[in-house]
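Report on the structure given below.
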Amino acid sequence: MSVPAQLPLLQAVSARIALDFTLADIRKLQSESDALAFSVRVAGYQAKDIPLAFGIDAGQWSNILTGTKHFPQNRRNEFMDFVGNEALLMYGVESRGYDWSTLRQHQSDLERENERLRQENAQLRHDREVEKTYVAHLMGKAER
């Protein structure tokens, strides 16, 4: 996670604040500007902290928050790392009509293999239980 050098202590502030928001809160946001302001607020920062941290002119930041300018697209990930939440991304996904709750991060080859082995293990355990039940049933009939 990259933290702008101008405000190294603000990272510690956001790490101590519980990110108490839900998907319903995100769905209430009306614009990307609202999502930016929301991201900052739930992280425990003040809006005035962002221009300093990102080297953005305070007037430009004000215009970004009012929706007359846009946050630099190439710094969105850096912004989300800085505020410690994905509210901006969540808003973008939801505003395009996609369901955030069904999205997932890409899995590595190792994670995919691990999942495949977990499923295979579960199937083998199930099959073994079926076999044990069947054998117990057969043994019960043989004793009669």
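Taken together, the values in this text are just the output of simple stated rules run on the coordinates, not laboratory data. As the structure is a computational prediction, the values presented were derived from the model and not from experiment. Positions of Cβ are generated from backbone atoms using ideal geometry, with glycine treated the same way; all protein chains shown enter the neighbour counts.
Cross-link partners of Lys28 among aspartates and glutamates, defined as those whose alpha carbon lies under 20 angstrom from its own and excluding same-chain residues fewer than eight positions apart: Asp20, Glu86, Glu94, Asp99. Computed from label points 7 Å out along Cα-Cβ, the spacing between Trp100 and Ala24 is 1.4 nm. Using the Cβ-Cβ distance between Asp127 and Gln107 with R0 set to 22 Å, the FRET efficiency from 1/(1 + (r/R0)^6) comes to roughly 0.30.
Among Arg116, Arg104, a tally of other beta-carbon atoms within 10 Å of each Cβ gives an order, fewest to most, of Arg104, Arg116. Positive-end ranking of His70, Gln105, Ala37 along the dipole of the stretch 20-144, with charges on Cβ about the Cα centre, is headed by Gln105. What is the local net charge at Tyr91, summed over the other residues whose Cβ is closer than 14 Å to its Cβ (Lys, Arg +1; Asp, Glu -1)? Spelling it out: positives minus negatives among the neighbours equals -1. With the simple model of a label 7 Å out from the Cα in the direction of the Cβ, Arg118 to Asn77 spans 2.5 nm.
Bridgeable lysines around Lys48 (alpha carbons under 20 Å apart, same-chain partners fewer than 8 residues away excluded): Lys69.
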